[in-house]
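Enquirer: Supplied in structure tokens, the structure appears directly below.
The values are calculated or read from the model by the stated rules, or taken from the named source; none is laboratory data. Model, not experiment: these values are computed from the prediction. In this analysis, Cβ positions are derived from the backbone assuming ideal geometry, glycine residues included, and neighbour counts consider all displayed protein chains. Keep in mind that these areas ignore ligands, DNA and RNA; they rest on the heavy atoms of the full protein, side chains included. Shrake-Rupley method; radii C 1.70, N 1.55, O 1.52, S 1.80 Å.
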Amino acid sequence: MGNTNTQNTFIDALLLWLEAHFDDSYHVMRTPVTLTFEHNTSRVAMLSMLREERVPEPSFKGNVLINIPDLVIQVDTSEELSDISNPLEYYISQTQDLMDIGVQKVLWVLSLTEKVIIADSGKRWVIADWAEDIEVLHGISLNLRKILNT
């Protein structure tokens, strides 16, 4: 799925928020990165963060990120849903693939329903409203409604 104007708006707002709330102990990937899986499959992570203590400097092979992020944030938009026959299955399989390679947390920002799918490693997955405070990492919470209205 390519970036749309709506997606870019969300990503820009999220990037600004992440950089304001997480210090230099995290690398915030400012552009989408590709993560590879077994069987020659790959997934694009729209936004990702890596702890610097674990990964002093992110490593790339071309545009493929070699390191596994701690957090991935995916943003979908209603314009893209027509390309997907079963969006829920798509979100679940994409998220599970990321969790299977070691991503600790995946957030899916869903524009059509104004919901967020929160998948945290070893915990029950949850769907929340944009207006709710959502823990991103280490007790730092995000309220999408607030950051999108600023």
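Enquirer: Taking the Kirkwood radius as the inverse of the mean 1/r across Cα pairs, report the Rg/Rh of the chain.
Expert: Details: Rg = 14.6 Å, Rh = 15.7 Å.
Radius of gyration relative to Kirkwood radius: 0.93.
Enquirer: At a 1.4 Å probe radius, carbon and sulfur cover how many percent of the accessible area of the chain? Each step should come with its number before you reach the end.
Expert: Working: 3970 of 8140 Å².
The C+S portion of the solvent-accessible surface of the chain is 49 percent.
Enquirer: Calculate the spin-label point distance for Glu114 paired with Arg30, positioning each point 7 Å from the Cα along the beta-carbon direction, and give it in nanometres.
Expert: That separation, rounded to one decimal, is 3.1 nm.
Enquirer: Let me ask something additional. Among DSSP bridges having both ends in the chain, what percentage is antiparallel? Round to the nearest 5.
Expert: Numbers: 26 of 33 bridges.
Antiparallel: roughly 80 percent of the beta bridges in the chain.
Enquirer: Quick one: how many lysine pairs in the chain have C-alpha atoms under 25 angstrom apart, if they're 8 or more apart or on different chains? Don't skip to the end; give the middle numbers.
Expert: Working: Lys61/Lys105; Lys105/Lys115; Lys105/Lys123; Lys105/Lys146; Lys115/Lys123; Lys115/Lys146.
Pairs that pass both the separation and distance tests number 6.
Enquirer: Right, something else. If you take the beta carbon distance between Arg54 and Ser141 as r and set R0 to 30 Å, what does 1/(1 + (r/R0)^6) give as a FRET efficiency, to the nearest 0.05? Each step should come with its number before you reach the end.
Expert: On the way: r = 22 Å, r/R0 = 0.74.
E between Arg54 and Ser141, to the nearest 0.05, is 0.85.
Enquirer: Would you mind working out the accessible area per residue for the chain, using a 1.4 Å probe, and quoting it in Å²?
Expert: On the way: 8140 Å² over 150 residues.
Heavy-atom SASA per residue in the chain reads 54 Å².
Enquirer: Let me ask something additional. Just to confirm a number: summing +1 for Lys and Arg and -1 for Asp and Glu over residues other than Asp100 whose beta-carbon lies under 12 angstrom from that of Asp100, what do you get?
Expert: Taking every Cβ under 12 Å from that of Asp100, the sum is -1.
Enquirer: Same structure again: Mean-square fluctuation check for the chain, GNM, Cα pairs under 10 Å: which of Thr36, Thr95, Thr113 is largest?
Expert: Top of the fluctuation ranking is Thr113.
Enquirer: Can I ask one more? Tally Lys and Arg at +1 and Asp and Glu at -1 over the other residues with C-beta under 14 Å from the C-beta of Val116: what net charge comes out? Let's see the in-between values first.
Expert: On the way: positive: Lys105, Lys115, Arg145, Lys146; negative: Asp76, Glu114, Asp120, Asp129, Glu132, Asp133, Glu135.
Taking every other residue near Val116 into account, the sum is -3.
Enquirer: With an 8 Å Cα cut-off and a minimum separation of 6 or more residues, compute the relative contact order for the chain in percent. Numbers along the way, then the final one.
Expert: Details: 229 pairs, mean separation 25.0, N = 150.
Once divided by the residue count of the chain, the mean separation gives 17 percent.
Enquirer: So, one more: Please give the net charge around Arg145, taking every other residue with its beta carbon less than 9 angstrom from that of Arg145, where Lys and Arg add +1 and Asp and Glu add -1.
Expert: Details: positive: Lys146; negative: Glu114, Asp129, Glu132.
The answer is -2.
Enquirer: Give, rounded to the nearest 20 debye, the magnitude of the charge dipole that the chain has about its Cα centre when Lys and Arg contribute +1 at Cβ and Asp and Glu contribute -1 at Cβ.
Expert: With only Lys, Arg, Asp and Glu charged at Cβ, the dipole is about 80 debye.
Enquirer: Rounded to the nearest 500, what is the chain's calculated 222 nm mean residue ellipticity when only DSSP H runs of at least 4 contribute -39500 (n - 2.57) each, over all residues?
Expert: Numbers: 3 runs with 36 residues, N = 150.
Helix contribution divided over all residues of the chain: -7500 deg cm²/dmol.
Enquirer: Just grab the label-to-label distance for Val64 and Ser42, each label 7 Å out from Cα along the Cβ direction, in nm (one decimal).
Expert: 0.6 nm
Enquirer: From the P(r) of region 9-48, could you give the percentage of C-alpha pairs in the tail past 14 Å? Walk me through the intermediate numbers first.
Expert: Values: 410 of 780 pairs.
Tail of the P(r) past 14 Å holds 53 percent of the pairs.
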